[in-house]
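> This is the structure I have questions about; it appears just below.
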Amino acid sequence: MTDFATRYGPTALIAGGSEGVGASYADLLAGRGIDLVLIARNAGRLEATAASLRSTYPKRKIDILAADLTDPATPTMLAETLADREIGLLVYNAGSNWINDDFLNTSIDHARTLTALNATTPMELAHHFGGLMRQRGRGGIIIVSSLAYLVGAPQIAVYSAAKAFSTTLGEALWFELKPHGVDVLVHALGSVDTPFIKRTFPEAYGRGAKPEDMARSGLQALGNEPLLRAEPGDAFFQHLATLKRGEAVETIYNAGKKWQD
Ligand SMILES: NC(=O)c1ccc[n+]([C@@H]2O[C@H](COP(=O)([O-])OP(=O)(O)OC[C@H]3O[C@@H](n4cnc5c(N)ncnc54)[C@H](OP(=O)(O)O)[C@@H]3O)[C@@H](O)[C@H]2O)c1
């Protein structure tokens with residue numbers, strides 16, 4: 001067993017592991033000797049990703065669970081279903097926003113769903129699986145966030161608010177769990193060329209980072225600082241931090257419009 005697998009194995013749970021950054025984490029983790037449980041809604045895409053991983057890493061056990069992470073019953077279902085699996089690493093990746101519009105032009109159900117996906121479900125999974133890791137005295141949690149956590153972002157208001165929640169939650173957990181041998185990392189991404197972006201915002205696709213580069217840098221950073229901010233995007237957000245708050249909100253609004261052009 002590699003040092004990495006001793007520390008974060010035997011099994012990683014990847015919420016949002018069928019494609020993009022989550023699938024890249026899956027590939028790298030399997031390569032480091034870790035078994036996987038991958039979660040996503042689309043069973044066909046999950047099975048295709050798992051089949052490809054099994055053929056590349058025949059020694060690894062790769063399981064899939066088709067589930068909706070916005071369903072309030074899902075965290076309990078996962079805790080029960082995985083009761084006999086030792087989850088040494090939780091990667092919470094699922095979370096993109098799919099409607100860009102004013103808060104009041106979108107339904108409250110949309111807001112609830114985004115909040116569940118980006119804030120309450122990662123919180124519940126971190127509580128359950130983080131608790132078991134603390135008992136064992138080892139493990140890791142990676143929460144994939146967005147640089148949009150830094151400023152209230154018009155037209156993606158709930159998304160940026162929910163990412164602020166998961167980011168600050170993760171930073172605090174980094175401190176609380178460190179003495180117990182559990183590493184926590186929040187990985188705040190900028191623009192990434194994922195299949196979701198290609199399907200949903202095709203005009204923005206082709207200008208972002210590669211998912212595999214994001215996953216590689218996340219694994220390198222785990223065990224160090226609580227927060228890793230990614231390029232492209234971080235330099236822009238650093239600049240926003242120097243502005244008056246109102247100016248920063250207006251600047252991110254204009255940047256969002258340009259991103260979709
Ligand atoms: N792409 C970017 O430019 C960008 C920028 C900043 C931050 N990020 C962050 O990076 C992460 C990944 O983003 P992404 O672009 O790859 O899109 P995504 O929609 O988060 O999809 C990633 C994975 O999550 C799964 N997923 C999505 N919603 C789910 C749900 N309700 N229940 C279960 N699984 C679900 C997807 O499979 P299914 O669709 O089959 O469920 C897929 O496997 C997110 O947290 C996002 O906020 C992305």
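> Tell me whether the stretch 61-127 comes out rounded, prolate or oblate; compute the Cα gyration tensor, take square roots of the eigenvalues as a ≥ b ≥ c, and use a/c under 1.5 as the rounded threshold.
Judged from the Cα gyration tensor, the stretch 61-127 comes out prolate (a/c at least 1.5, a/b above b/c).
> Tell me the trypsin sites (Lys or Arg not before Pro) within the stretch 152-253 that lie in a loop according to DSSP and have at most 15 other beta-carbon atoms within 10 Å.
Here the trypsin sites (Lys or Arg not before Pro) that fit, given the DSSP loop and packing criteria, are ARG207, LYS244.
> Sorting check: for 12-18, 221-227, which peptide has the highest mean count of neighbouring beta carbons within 10 Å, and how do the rest follow?
12-18, 221-227
> For the chain, what does -39500 (n - 2.57) per DSSP helix run (n ≥ 4), summed and divided by total residues, give at 222 nm, in deg cm²/dmol to the nearest 500?
Result for the chain: -15000 deg cm²/dmol, rounded to the nearest 500.
> State whether the stretch 1-55 is rounded, prolate or oblate according to the following rule on the C-alpha gyration tensor (a ≥ b ≥ c being the square roots of its eigenvalues): a/c under 1.5 gives rounded; otherwise a/b larger than b/c gives prolate, and the remaining case gives oblate. Don't skip to the end; give the middle numbers.
Numbers: a/c = 2.40, a/b = 1.94, b/c = 1.23.
Taking the square roots of the gyration eigenvalues as a ≥ b ≥ c, the stretch 1-55 is prolate.
> Then there is this: Taking a cut-off of 23 Å, what percent of all Cα-Cα pairs in the chain are separated by more than that?
Every Cα pair in the chain considered, those over 23 Å come to 49 percent.
> A further question on this structure: Give the lysines reachable from LYS163 as a straight Cα distance under 29 Å; neighbours fewer than 8 places away on the same chain don't count.
Filter leaves LYS178, LYS198, LYS210, LYS244, LYS257, LYS258.
> Can you give me the relative contact order of the chain as a percent, contacts being Cα pairs under 8 Å and 6 or more apart? Each step should come with its number before you reach the end.
Working: 477 pairs, mean separation 46.5, N = 261.
Relative contact order comes out at 18 percent.
> What ³J(HN,Hα) values, in whole Hz, does the Karplus curve 6.51 cos²θ - 1.76 cosθ + 1.60 give for the stretch 79-91 when θ = phi - 60°, with x put for Gly and Pro?
After applying 6.51 cos²θ - 1.76 cosθ + 1.60, I find 4, 6, 5, 9, 4, 9, 10, 8, 8, x, 9, 10, 10 Hz.
> Another question about this same structure. What is the Å³ per residue value for the convex hull set by the Cα atoms of the stretch 60-209?
127 Å³
> Just order 172-178, 95-101 by mean Cβ neighbour count inside 10 Å, highest at the front, would you?
So the order, starting with the most tightly packed, is 95-101, 172-178.
> Could you check what % of the DSSP bridge pairs in the chain are antiparallel, to the nearest 5? Write down the numbers at each step before the final one.
Working: 0 of 31 bridges.
Given both bridge residues lie in the chain, the antiparallel proportion sits at roughly 0 percent.
We did not get these values from a lab; they are worked out from the coordinates using the rules stated. This structure is a prediction, so every number in the text was calculated from the model and none was measured. Cβ sites come from the backbone with ideal geometry, for glycine too, and all protein chains shown count toward neighbours.
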